[in-house]
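J.: I have a structure I would like to understand better, so I am pasting it below and will then ask my questions one at a time.
All of the numbers you see were taken from the coordinates with simple rules; none came from a lab. Note that the structure is predicted; figures quoted are calculated from it, not measured. Reconstructed Cβ throughout: ideal geometry from the backbone, glycine too, with neighbour counts over all protein chains shown.
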Amino acid sequence: MLTAGQVLNNYFLETRCMLLELAATLDRYDRATQRDPAGTPANDPRLERIYHSLALLADTRTTPDRCERLLNLFSD
Amino acid sequence: MQIIQPHYHGIARTAQDYERMAMSGVVAVAEPAFWAGFDRAYPQTFLDYFRQISEFEPTRAAQYGIRHFCWVAVNPKEAENPPLSYEVLRHIPEFLKKPTVLGIGEIGFHKTTKNEEEIFQAQVELALRHHQLILIHTPHLQDKVRGTRRTLEVLAHMNVDPGRVWIDHIEEHTIRAPLDAGYWVGFTLYPITKCSPKRAVDMIEQYGHERLLVNSSADWGPSDPFTLQECILEFRRRGHSLQEALDIFHNNPCRFLGQCPKFDIQPIRVET
C-alpha cells in the first residue's frame, strides 16, 4: 500500500493531465455553444451530471468513496 | 497522408518507431539536440552526439524511407555549465556546414537561471552570425510561464527575425504572446505532461495554423511518437479537410524548415 505522499508523487502529474483534459472538454463545449447557440441541447442531463461530479470532487471534507458516488451519479 | 515529424529524438528510440512511422505516412523527421537524461562531463561527448545525429541517425531513418534532419546546440539543462557550453559552442560552426543540419536548437531555459540565459543569448548570437534557424525549448510544467516570458524578453533585445524562430512546447497559457510577436509556435504532444492531441486541436481551432508546428518529440522518457497521428485523427474527426491537415502536419514544417535551403521537401496540394 502506498503512503499519502507516495500517492501524490505517483499520481500528481497524471491527475493534472486529467484535469486539463476535463477543462479542455468543457471549454470545447462552451465555445461550441457560443459558435452555434441554436445547436446547443437545452438542459442536457449529461452536462448537469458532469458539473454535479465536479462539485462532489471539489469537496475536501468528505469520505474516500468518491468513485462509488460518481458511478452512482452516472447510473439510472 | 504524408506527415513531417518536426521534433523527434530518434537516438532515444528503436528502429520499430521508424518502421511504424513510415507505415503511417511520416516522410521526414527533424531531431533537435537535447539532454541525454544525465549531464555530460566533456565537450567531446557533445561532439560525438552531434556526429551521431548529423551522420549516423540519417542512415537509420533512411532504411525506412524517412528523411532525417537535425539541429545542434547545448540544451537548456546543460547550459547551466557555461565553461563546458562555451567549449561546445566553439565547435558548433563546423556542424552547421553538414548537409542535414537545419539550425541551432533546442536552446532556451530549463530553470530560467542566469547561466542558462547567458548561454541562450550566446547561442542566439551564434545563430544570427551564421544565418541559422533557431529552435527554442520552453520549460516544463510550473516553470513554463516564467521561462516563456523571459525567452521573449531576451529575444526582444536581440536582432532576430521572429519568422525564423520556433518557440516550442507551447500550451494554452503561453500561446498568445509568441504568436502576437510573430514567432512560430510548436505544440509538443505527450501522454501526460505538455500538450495532448485533443487540446492541440482545440488551440488550432482557436488560433488558426499560420505559424504552427505540431510534434510529439518522443524521447527516452514517457512519450509516444504516435501522439502526432492521434492529433491528426482527432483533427480529421472534427470535420477538418485533408488539405487543412496537410497544411498543418506536412506543409507548415516545409514552410518553416524550408527557410533553410537544406530542407528541400515541398508542400503538397491535393484540393483546389
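J.: Dipole of region B:161-272, Cα-centred, from +1 at each Lys and Arg C-beta and -1 at each Asp and Glu C-beta, to the nearest 20 debye?
T.: Details: 12 positive and 16 negative charges, 22 e Å.
Here the size comes out at about 100 debye.
J.: What longest range of chain B stays clear of loop-exposed chymotrypsin sites (Phe, Trp or Tyr not before Pro) (DSSP non-H/G/I/E/B, at most 13 other C-beta within 10 angstrom)? Write out the running numbers ahead of the final one.
T.: Working: sites that count: B:PHE38, B:TRP220.
It works out to B:39-219.
J.: Classify region A:1-40 as rounded, prolate or oblate, taking a ≥ b ≥ c as the square roots of the eigenvalues of its Cα gyration tensor: rounded when a/c is under 1.5, otherwise prolate if a/b is larger than b/c and oblate if not.
T.: Cα axes put region A:1-40 in the prolate bin.
J.: If you project the alpha carbons of the protein assembly as shown onto their three principal axes, what span does each projection cover, largest first, in Å?
T.: Here the Cα extents, ordered largest to smallest, are 68, 56, 42 Å.
J.: Just need the relative contact order of chain B here, percent rounded to a whole number, with Cα pairs under 8 Å and 6+ apart. Could the numbers behind the result be given before it?
T.: Values: 504 pairs, mean separation 48.0, N = 272.
RCO, chain B: 18 percent.
J.: Moving on to the next point. Considering lysine pairs in chain B that are 8 or more places apart or on different chains, how many have Cα atoms under 21 Å apart?
T.: 11
J.: Counting Lys and Arg as +1 and Asp and Glu as -1, what is the net charge of the other residues whose Cβ lies under 9 Å from the Cβ of B:HIS9? Spell out each step's value before the answer.
T.: Numbers: positive: B:ARG13; negative: B:GLU31, B:ASP219.
Charge balance near B:HIS9 sits at -1.
J.: Still on this model: Checking the a/c ratio against 1.5 first, then a/b against b/c, what shape does the Cα gyration tensor give for region B:146-272? Intermediate results must be reported in sequence, preceding the final value.
T.: Details: a/c = 1.61, a/b = 1.20, b/c = 1.34.
It is oblate, given that a/c is not under 1.5 and a/b is not larger than b/c.
J.: Near B:PHE34, within a Cβ-to-Cβ distance under 9 Å, what is the net charge of the other residues, with Lys and Arg +1 and Asp and Glu -1?
T.: Values: positive: B:LYS77; negative: B:GLU31, B:GLU106, B:ASP219.
In short, -2.
J.: Looking at chain B, which longest stretch skips every one of the trypsin sites (Lys or Arg not before Pro) that is in a DSSP loop with at most 15 other Cβ atoms within 10 Å, leaving the sites themselves out?
T.: Numbers: sites that count: B:LYS97, B:LYS111, B:ARG238, B:LYS262, B:ARG269.
Free of exposed loop sites, the longest segment is B:112-237.
J.: Next up: Decide, for chain A, between rounded, prolate and oblate: order the square roots of the alpha carbon gyration tensor eigenvalues as a ≥ b ≥ c, take rounded if a/c falls under 1.5, and otherwise choose prolate if a/b is larger than b/c, else oblate. Before the final figure, lay out the partial values.
T.: Working: a/c = 3.48, a/b = 1.73, b/c = 2.01.
Oblate shape, in that a/c is at least 1.5 and b/c is the bigger or equal ratio.
J.: Simple spin-label model, 7 Å along Cα-to-Cβ: A:CYS67 to A:ASN43 in nm?
T.: 3.4 nm
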